[in-house]
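Novice: First the structure, then my questions, so here it is.
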Amino acid sequence: MNDLRHLERRAAGQATRPAASPAAGTSVPSRAPRIRPLRVALVVEAAGGGVAVHLADLIDGLSKTGGVELHLIVPRGPRFDGTILDARVLALCASVHHVPMQRAIGWRDTWAIAHVYRCLLRIRPDIVHSHSSKAGAVARLCIGPWRHVYTPHAIYTLNPTLGSLQRRVYGTIEALLGHFRSHRIVAVSRDEARHLHDALGIPAHRVATISNGVAASATLPRRTARQALGLPDDAIVVGFVGRLSHQKGVDRLVRIARGVYRQCGLDVRLVAIGPGDFAAAAGPEADDVPPNLHVVGPVNRASRYFSAFDLFALPSRYEGFPYVCLEAMAARVPIVASRVAGVTELVEGHAIGEVVPNDDDTTQFARTVVALARNTARRDAMRDHCAATLAQFSAATMVRHTHDLYRALVQGHPA
């Protein structure tokens, strides 16, 4: 899509034409002044997975509210997932800009800042809403009259594997940008909000908590989903959906599968769905994958396949508020999750699963999976709780709160 096409079209439409002179003795009706839409630039670097789902829901919802003009700035290359941010979603934006942005920190970041800044000068937004750590840093270094909103989607300092030096460096960057270059930081869970304030010293008035929400989505019939994934009809199936990475605990997943296999054999199957390099993410564990673990890789619209699962596993090392747990809840699939940000308030708070220690020792995780696999009544109760909880975590609620925040910042009111 041509970055400037919609901007030029709008500019042409605003050109003035000579007005015809009114006839003598006739009154000229007064015209209401045209209300300028709220112009929002969404900037993202990690445009895949839960972040992409969040953006798609946000774009879809904001476009329906009226009075909002959306512009999207995304990376070139594989960090942009066109299966989620597809043509339908992109068509809801006034302009889409593909710029060079990459995850790793380096000298190329100056190039990314220059490209994003040039886009913002053309767009002239009221709000710049950046998503994920890299886009948050790049966008907030672009100084202008706009208001900066930043959603980390699991701020990097939540990562328990960071060394002390890395934690200080990343923490200092986030603290400085949070204090001096942010009008509001959006935490997607109460846990993340506490971390921003307690660990990074971000003033409480700069932090807004807006929980992620999930839109209703249709799943495939159970048997169809299992056939597509190569799973038997008669097994208990534990699903994992997410990026195949160290953060998501893929190495832990292999160890969990091994522990489950020792107790249940092939009666309980685990299936891993998602993009990424499984061998690299699993590390040495990839050399001993048990026969009950089936790695599918990426599939389009993975949420359709949740109907194949009896349980959902989230062995992540850190999260902000895992979108995939909301998708599991929407599909009424009980969850077993490591204790990461957002999980306690969702899974434990609403009794839709079990939370286990966030530990590389996966013994307790495997035991919990086995216990639930053998207890149909407990799973059924958790499924009922999933259905009862869904309304509290809707995408519509997330969109409404985000829109309210934008309006409050532009009007100069506290939000």
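Novice: Give me the strands (runs of 3 or more DSSP E) completely within region 54-157, filtered to those with at least 2 residues that are surrounded by fewer than 16 Cβ atoms within 10 Å (Cβ to Cβ) and not assigned by TED's automatic domain parsing to the domain that holds residue 316, ordered by residue number. Outline the logic, then answer.
Specialist: On the way: elements: 68-75, 95-99, 127-131, 147-151.
In region 54-157, there are no strands (runs of 3 or more DSSP E) which contain 2 or more residues that are surrounded by fewer than 16 Cβ atoms within 10 Å (Cβ to Cβ) and not assigned by TED's automatic domain parsing to the domain that holds residue 316.
Novice: Quick one: which strands (runs of 3 or more DSSP E) sit completely within region 295-361 and have at least 2 residues that are of a type in the set (Gly, Ala, Ser) and assigned by TED's automatic domain parsing to the domain that holds residue 281? Lay out the reasoning, then the answer.
Specialist: Working: elements: 311-314, 335-338, 353-356.
Because the criterion is at least 2 residues that are of a type in the set (Gly, Ala, Ser) and assigned by TED's automatic domain parsing to the domain that holds residue 281, the strands (runs of 3 or more DSSP E) in region 295-361 that meet it are 335-338.
Novice: Every residue in region 339-364 that is surrounded by fewer than 24 Cβ atoms within 10 Å (Cβ to Cβ), touching a residue at least 12 places away in the same chain (Cβ under 8 Å) and of a type in the set (S, T, N, Q), please. Can you show your working first?
Specialist: Our first condition is that a residue be surrounded by fewer than 24 Cβ atoms within 10 Å (Cβ to Cβ); within region 339-364, this holds for 339, 344-345, 348-351, 354-361, 363-364.
Of the ones still in play, those that are also touching a residue at least 12 places away in the same chain (Cβ under 8 Å) are 339, 344-345, 350-351, 354-360, 363.
344, 358, 363 - these are the residues of region 339-364 that are surrounded by fewer than 24 Cβ atoms within 10 Å (Cβ to Cβ), touching a residue at least 12 places away in the same chain (Cβ under 8 Å) and of a type in the set (S, T, N, Q).
Novice: Of all residues in region 33-53 being within 23 Å of residue 113 (Cα to Cα) and charged (D, E, K, R), which is surrounded by the most Cβ atoms within 10 Å (Cβ to Cβ)?
Specialist: Step one: filter region 33-53 for residues within 23 Å of residue 113 (Cα to Cα), giving 39-48, 51-52.
This time we only want the ones that are charged (D, E, K, R), so: 39, 45.
Values: 39: 18, 45: 26.
Only one residue fits best here, namely 45.
Novice: Among the residues of region 158-207, write down those that are farther than 24 Å from residue 143 by Cβ and touching a His at 6+ places or on another chain (Cβ under 7 Å).
Specialist: 158, 188, 204
Novice: Any idea how many residues of region 391-410 are in a helix (DSSP H, G or I) and either hydroxyl-bearing (Ser, Thr, Tyr) or surrounded by 19 or more Cβ atoms within 10 Å (Cβ to Cβ) (or both)? It would help to see each step written out before you state the result.
Specialist: First, the residues of region 391-410 that are in a helix (DSSP H, G or I): 391-393, 395-410.
Subset that is either hydroxyl-bearing (Ser, Thr, Tyr) or surrounded by 19 or more Cβ atoms within 10 Å (Cβ to Cβ) (or both): 393, 395, 397-399, 402, 405-406, 409.
The total comes to 9.
Novice: Also: Among the residues of region 115-159, how many are over 30 Å from residue 190 (Cβ atoms) and hydroxyl-bearing (Ser, Thr, Tyr)?
Specialist: 1
Novice: Given the conditions (1) crowded, with 19+ Cβ neighbours inside 10 Å; (2) of a type in the set (Lys, Arg); (3) free of Cβ contacts under 8 Å to residues at least 24 places away in the same chain, which single one is not true for residue 223?
Specialist: With respect to (1) crowded, with 19+ Cβ neighbours inside 10 Å; (2) of a type in the set (Lys, Arg); (3) free of Cβ contacts under 8 Å to residues at least 24 places away in the same chain, residue 223 is out only on (1).
Okay, residues lined up against (1) polar (S, T, N, Q); (2) in contact (Cβ under 8 Å) with a residue 40 or more places away in the chain:
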position	(1), (2)
206	no, no
211	yes, yes
215	no, yes
227	yes, no
233	no, no
237	no, yes
240	no, yes
249	no, yes
273	no, yes
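Novice: Determine which single condition residue 296 fails, assuming it passes every other condition in (1) surrounded by fewer than 24 Cβ atoms within 10 Å (Cβ to Cβ); (2) modelled with pLDDT under 95; (3) β-branched (Val, Ile, Thr).
Specialist: The failed condition is (2).
Novice: Does residue 387 qualify as being touching a strand residue (DSSP E or B) at 6+ places or on another chain (Cβ under 9 Å) and closer than 28 Å to residue 210 by Cβ?
Specialist: Details: touching a strand residue (DSSP E or B) at 6+ places or on another chain (Cβ under 9 Å): no; closer than 28 Å to residue 210 by Cβ: yes.
No.
The values are calculated or read from the model by the stated rules, or taken from the named source; none is laboratory data. Being a predicted model, the structure only gives us computed values, none of them experimental. When we count neighbours, we look across all protein chains shown, and the Cβ atoms used for this are built from the backbone with ideal geometry, even at glycine.
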